[in-house]
Every structure is written in structure tokens, then in C-alpha cells.
Amino acid sequence: MAFDVKAKKKVEIQNPQFMKLKNNRWAVVGTSPETKIKVVRFLSKKEVEDLKKKGLIKE
């Protein structure tokens, strides 16, 4: 889930991709199904650890 600024509500992220940013934080980047704009959601440290255990994020 991420916040869509144009639709002014939370939407499910389509085509999610995990990115490591310059400041070493992780984020999920994808598109909004309603307005087709780019949406970004930052991940907490706990979420990153859970995703690493599942094998979705590789350092």
C-alpha cells in the first residue's frame, strides 16, 4: 500500500520493485492502478528484515 497524491487515498502498488536509496534506506517503488503515476513507500527496518528472510530483498 502507498499513498496516491492525485487520487488522495491509499492504493495497492502495481509492479512493486525494491530499491536501496542513496541514504541506505529501502523503498518500494511502483505505479498506482488508478492514476498510473509513480508511488513510493519507505520500508521500516523490521519490514526489511522480514523481506530478507523471505528472500525478496538481496543485499
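Read the figures in this text as sums done on the coordinates, not as results from a lab. Note that the structure is a prediction, hence the values are computed from the model and not measured. Methodologically, a virtual Cβ is constructed for each residue, glycine included, from the backbone with ideal geometry; neighbour enumeration extends over all protein chains shown.
Odds and ends about this structure:
- The C-alpha atoms of the chain define a longest principal axis, and helix 45-54 lies at about 70 degrees to it.
- MRE, 222 nm, helices only [DSSP H, n ≥ 4, -39500 (n - 2.57), over the chain, to nearest 500]: -5000 deg cm²/dmol
- Positive minus negative residues near residue 51 (Lys, Arg vs Asp, Glu; Cβ under 13 Å): +4
- Cβ-defined net charge surrounding residue 7, 14 Å radius [Lys, Arg +1; Asp, Glu -1]: +3
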